[in-house]
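A quick write-up on the structure given underneath.
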There are 2 protein chains.
Amino acid sequence: MKVSTEIAELLSRLEECRQKVDAALDEWMPKENEIPSVLHKAMRYSVFAGGKRLRPFLVLECCKVVGGDEDKALPAACAVEVLHTYTLVHDDLPSMDNDDFRRGKLTCHKVFGEGMAILCGDALQTFAFELLATKLPEQNVSAEVALKCIATLAHAAGSKWLIGGQALDISEQSEGYSDRSPEKVLLIHERKTAALIQACCLIGGLIGNANDDEIESLKNFGYWFGLAFQITDDILDEIGDPEKLGKSVGKDKEQKKLTYPMVFGLEKAKILANEAVERAISSLSIFGDEANLLRALASFVLERKS
Amino acid sequence: MKVSTEIAELLSRLEECRQKVDAALDEWMPKENEIPSVLHKAMRYSVFAGGKRLRPFLVLECCKVVGGDEDKALPAACAVEVLHTYTLVHDDLPSMDNDDFRRGKLTCHKVFGEGMAILCGDALQTFAFELLATKLPEQNVSAEVALKCIATLAHAAGSKWLIGGQALDISEQSEGYSDRSPEKVLLIHERKTAALIQACCLIGGLIGNANDDEIESLKNFGYWFGLAFQITDDILDEIGDPEKLGKSVGKDKEQKKLTYPMVFGLEKAKILANEAVERAISSLSIFGDEANLLRALASFVLERKS
């Protein structure tokens, strides 16, 4: 398959997943007129503010790659996006990153106020776990597998990983980012971004009844792809187009944040992103053509503009 | 059994539960030296700031009342307390209730800063679900029952109930509490407090393999007891002793909050608390002496000083 055809296929598959996930979220999320209406409006505003739905795609695609029925994984695809959205809502708060725009729209707290944005994030996190606990069994996922998905998501999203990465970030910030070592930036990035992306791959694999070798492959793929994704995110903050990104750029530099370009320089950061993509792709060696879209996604991340 | 003996037995059983739950939490929560240390310190600071451990008691006791093995319910008892703690940490934030003291100690954000307190609450919520998903199966609770416990907790803690109550409260606050109807205060109280207390009773029952009638009884008990608990909380804010409560009093009045004494007057609020206790106790009519401690607890709530 030629590279350009693969990219076209990837984009069409991403769009297909996005539509499936958005339709399911629209059906499953509480309606805006349900009490308390303002909270449900804030939740829907945040979840439907756009976004590539990359994490849901990984859940569905990894389920498919191991031979599973991706429709069974739909509640989990929705759950990871809802959980991701909660972290964005809280990240944007004045006491955290203090961002006014996200995905080209005003952030939740700018529209609904700070207190309501905190509650919105809280309720989204709860809803992610509720989706897994109630909707996976309806799709005939066994209770054992549903429970493993919940444990996997909770572990990745918890104090040692995702929220741990945020905590490291804000405590480094309060110390003026004095420790600018490669180890420190990796410690933050693998927590803030790679852990959840890895969990998406694992959850897709679990629902697809992956065997141990397949789980190990998806785990490694998720880690390296997640790291590559965060490094390119850092790079885009330096050289990206704010219009395409839907958010301001140059903020990391201004705040002297710990990013790959800031620690390694832009050129070395690009090389490291490339290496992470290569490792992600080589993690998939036990799979045949069925993993081509995952490989294409990993390569595509180096070209991304948003 | 004489009333005074029952109260003594209740207090001793509450203390026994508190010790069990605190020991388990100490074992299961991430240690302070685990990365990121500051986040884990904030989590432990908040969870071990005291508290009666009323919700864990309800989980353990309701499991026992239906003939279950309460040790199997220990992870769930810990989970509900961790979840309750997260809501307190976020409630106390400047953009919410803006409280400096809780249980006689400085609130989380006063010690660790606002950003870290938000993350601490976030991580505590995740940890509550992680406990249910990983520790219940270790206690030989079936995956089906563990999943039902997760669904029950997520439902009660979510946007339609617990967090919904908070959202109603802050949106009423922003409108100067202009709607002071009995319906509105009930709408908030059954969400903010009764829903989680009811979930504790249900979860205990589920783990104890309660039959449908028993579940129905515990559900009603939890609702009425939860409501009685919140009404007495309102009353204590008007007439309680700040030293015994470990927090300032009179704040609801100052903020013109929607409370039972504010809406109904103090005497009528006391009558309504009494009625709720009576309904809680009569919900237990299908049980014999095995529910005596639940009955004693319900009566005791009217006498509470903290």
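The values are calculated or read from the model by the stated rules, or taken from the named source; none is laboratory data. None of these values were measured; they are calculated from a predicted model. Positions of Cβ are backbone-derived with ideal geometry, glycine not excepted, and every protein chain shown enters the neighbour counts.
From the residues in the range B:55-99 that are in a helix (DSSP H, G or I) and small (Gly, Ala, Ser), which one is farthest from the chain's Cα centre (by Cα)? It comes out as B:Ala73. If you go through the range B:148-183 and keep only what is among the aliphatic types (A, V, I, L, M) and modelled with pLDDT of 95 or more, you end up with B:Ile150, B:Ala151, B:Leu153, B:Ala154, B:Ala156, B:Ala157, B:Leu162, B:Ile163, B:Ala167, B:Leu168. A search for C-beta distances below 6 Å between a residue of the range B:231-250 that is surrounded by 14 or more Cβ atoms within 10 Å (Cβ to Cβ) and any residue that is of a type in the set (Phe, Trp, Tyr) and assigned to a helix (DSSP H, G or I), counting only pairs 6+ apart in sequence or on different chains, returns B:Ile231/B:Tyr260; B:Asp234/B:Tyr260.
For the range B:142-156, the criterion of being more than 7 Å from chain A (Cβ to nearest Cβ), more than 27 Å from B:Lys41 (Cα to Cα) and either of a type in the set (Phe, Trp, Tyr) or over 20 Å from the mean Cα position of the chain (by Cα) (or both) is met by at least one residue.
Filter the range B:157-202 for residues that are of a type in the set (Lys, Arg) and within 12 Å of chain A (Cβ to nearest Cβ); which is farthest from the chain's Cα centre (by Cα)? Top of the filtered list is B:Lys184.
Among the residues here, A:Leu74 qualifies as over 24 Å from A:Pro242 (Cα atoms) and at pLDDT 95 or above. Among residues that are buried (at least 24 other Cβ atoms within 10 Å of the Cβ) and closer than 24 Å to B:Ile163 by Cα, A:Cys63 is not included.
Residue check: A:Gly50 meets all listed conditions (1) buried (at least 19 other Cβ atoms within 10 Å of the Cβ); (2) in contact (Cβ under 8 Å) with a residue 24 or more places away in the chain; (3) in a loop (DSSP other than H, G, I, E, B) but one, namely (1). Restricted to the range B:245-306, the set of helices (runs of 4 or more DSSP H) holding at least 2 residues that are out of contact with any Asp or Glu (no Cβ under 8 Å at 6 or more places or on another chain) and among the polar types (S, T, N, Q) comprises B:266-282. Is it the case that some residue within the range A:133-140 is touching a residue at least 24 places away in the same chain (Cβ under 8 Å), facing chain B (nearest Cβ under 9 Å), crowded, with 21+ Cβ neighbours inside 10 Å and farther than 18 Å from A:Thr259 by Cα? Taking every residue of the range A:133-140 in turn, at least one turns out to be touching a residue at least 24 places away in the same chain (Cβ under 8 Å), facing chain B (nearest Cβ under 9 Å), crowded, with 21+ Cβ neighbours inside 10 Å and farther than 18 Å from A:Thr259 by Cα. Among the residues making up the range A:81-129, those that are more than 11 Å from chain B (Cβ to nearest Cβ), among the charged types (D, E, K, R) and crowded, with 20+ Cβ neighbours inside 10 Å are A:Glu81, A:Asp92, A:Arg102. Within the range A:18-31, residues that are within 14 Å of chain B (Cβ to nearest Cβ) and in a loop (DSSP other than H, G, I, E, B) sit with their Cβ atoms under 6 Å from residues that are at pLDDT 95 or above and buried (at least 18 other Cβ atoms within 10 Å of the Cβ), at 6+ positions apart or across chains, in these pairs: A:Pro30/A:His40; A:Pro30/B:Ser159.
Summed over the range B:160-215, residues that are within 18 Å of B:Asp91 (Cβ to Cβ), surrounded by fewer than 24 Cβ atoms within 10 Å (Cβ to Cβ) and polar (S, T, N, Q) total 4.
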